[in-house]
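This report refers to the structure that appears directly beneath it.
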Amino acid sequence: MPFLLPELKYDYNALEPFMDAKTVNIHHDKHHAGYTKKLNAALEKHPEFSNLDIVVILKDLSKIPADIRTSVRNNGGGYFHHNLWWEQLNPGKGGEPNGKLAEALDIRFGSFSDFKAKMNAAAMGVFGSGWAWLCKDGDGELSINGTPNQNSPVSQQLIPLLTINVWEHAYYLKYQNRRNEFVENFWNMVDWDVVGKRFG
């Protein structure tokens, strides 16, 4: 069965003033949809992989035939990462996490403010297009990573919990070259309930 573009669970303008409606519209309906379409097109050549979960596919790209591997890495990563991106954002959210995730962040990074500063630095440190990630490994150890383009932390055997999208299409219509302003405003949209569930 082909991969499907998930519908947004909020209106295009719901994340304003932090993310404008035009950006959300183009980002979801054009960019995310484009990754989805190109992933399905690549897998048509090897339909035996179409029934696999995208995480299974990204976890070991060496199993993907060489003639489609680059396309699957790029478009599969784009598809999966954007699924996580839209799911973790919600209007009227922000603030700080609580419960087990908050405790784990304090233990690993010292405080929420220290964690946030390190995530911001990872997002600002991505050269060109890419993502900043809060991940956990198989032992539950937290880490902050930056990946270029659509390279996925899943391919490094990590489980993504939270991500900041720093591709220009995520922010340029509103923020132009002010990535730092976009990254700072990102925290006003984070749904910590979603991130907490990913943490477990």
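Name, by its number, the condition in (1) in contact with a His (Cβ under 7 Å, 6 or more places away or on another chain); (2) surrounded by fewer than 20 Cβ atoms within 10 Å (Cβ to Cβ); (3) not in a helix (DSSP H, G or I) that does not hold for Thr163.
Only one criterion in (1) in contact with a His (Cβ under 7 Å, 6 or more places away or on another chain); (2) surrounded by fewer than 20 Cβ atoms within 10 Å (Cβ to Cβ); (3) not in a helix (DSSP H, G or I) is unmet by Thr163, namely (2).
Within segment 151-160, does at least one residue satisfy the condition of being within 20 Å of Ala104 (Cα to Cα) and assigned to a helix (DSSP H, G or I)?
Yes, that holds for at least one residue.
For residues in segment 1-41 being more than 20 Å from Arg178 (Cα to Cα) and aromatic (Phe, Trp, Tyr), which is surrounded by the most Cβ atoms within 10 Å (Cβ to Cβ)?
Looking at the filtered set, the residue picked out is Tyr35.
Matching residues to (1) in contact with a Pro (Cβ under 6 Å, 6 or more places away or on another chain); (2) at pLDDT 95 or above; (3) buried (at least 20 other Cβ atoms within 10 Å of the Cβ); (4) more than 29 Å from Gly92 (Cβ to Cβ):
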site: Ala132; (1), (2), (3), (4): no, yes, yes, no
site: Asn145; (1), (2), (3), (4): yes, yes, no, no
site: Val154; (1), (2), (3), (4): no, yes, yes, yes
site: Asn185; (1), (2), (3), (4): no, yes, no, no
site: Asn188; (1), (2), (3), (4): no, yes, no, no
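For Asn120, all conditions in the list (1) without any contact (Cβ under 8 Å) to a residue 60 or more places away in the chain; (2) part of a helix (DSSP H, G or I); (3) more than 24 Å from Val55 (Cα to Cα) hold save one; what is the number of the exception?
(1)
Give Glu44, Glu96 a once-over and let me know the one that is among the acidic types (Asp, Glu) and either exposed (fewer than 13 other Cβ atoms within 10 Å of the Cβ) or under 16 Å from the mean Cα position of the chain (by Cα) (or both).
Sole residue among the options that is among the acidic types (Asp, Glu) and either exposed (fewer than 13 other Cβ atoms within 10 Å of the Cβ) or under 16 Å from the mean Cα position of the chain (by Cα) (or both): Glu44.
Quick check, is Gly196 more than 19 Å from Phe127 (Cα to Cα) and at pLDDT below 95?
no
Could you please find all residues in segment 166-175 being surrounded by fewer than 18 Cβ atoms within 10 Å (Cβ to Cβ) and of a type in the set (A, V, I, L, M)?
Leu173
Of the conditions (1) under 22 Å from Trp187 (Cα atoms); (2) open to solvent by less than 80 Å² (accessible area, probe 1.4 Å); (3) in contact with a strand residue (DSSP E or B) (Cβ under 9 Å, 6 or more places away or on another chain), Gly77 satisfies every one except a single condition; which number is it?
If we test Gly77 against (1) under 22 Å from Trp187 (Cα atoms); (2) open to solvent by less than 80 Å² (accessible area, probe 1.4 Å); (3) in contact with a strand residue (DSSP E or B) (Cβ under 9 Å, 6 or more places away or on another chain), just (1) comes out false.
Suppose we filter Val190, Val154, Val166 for residues that are farther than 18 Å from Leu142 by Cβ, of a type outside the set (Asp, Glu) and within 13 Å of the chain's Cα centre (by Cα); which single one remains?
Val166
If I ask for residues that are crowded, with 17+ Cβ neighbours inside 10 Å and within 15 Å of the chain's Cα centre (by Cα), which ones from segment 47-74 would you list?
Ile54, Leu58, Arg73, Asn74
State which residue is surrounded by the most Cβ atoms within 10 Å (Cβ to Cβ) when the search covers only segment 84-93 and only residues that are assigned to a loop (DSSP other than H, G, I, E, B) and in contact (Cβ under 8 Å) with a residue 60 or more places away in the chain.
So the residue we want is Asn90.
The values are calculated or read from the model by the stated rules, or taken from the named source; none is laboratory data. Note that this is a predicted model, so its numbers are computed, not measured. We place every Cβ from the backbone using ideal geometry, glycine too, and count neighbours over all the protein chains shown. With ligands, DNA and RNA removed, areas are computed over all heavy atoms of the protein, side chains included. Shrake-Rupley method; radii C 1.70, N 1.55, O 1.52, S 1.80 Å.
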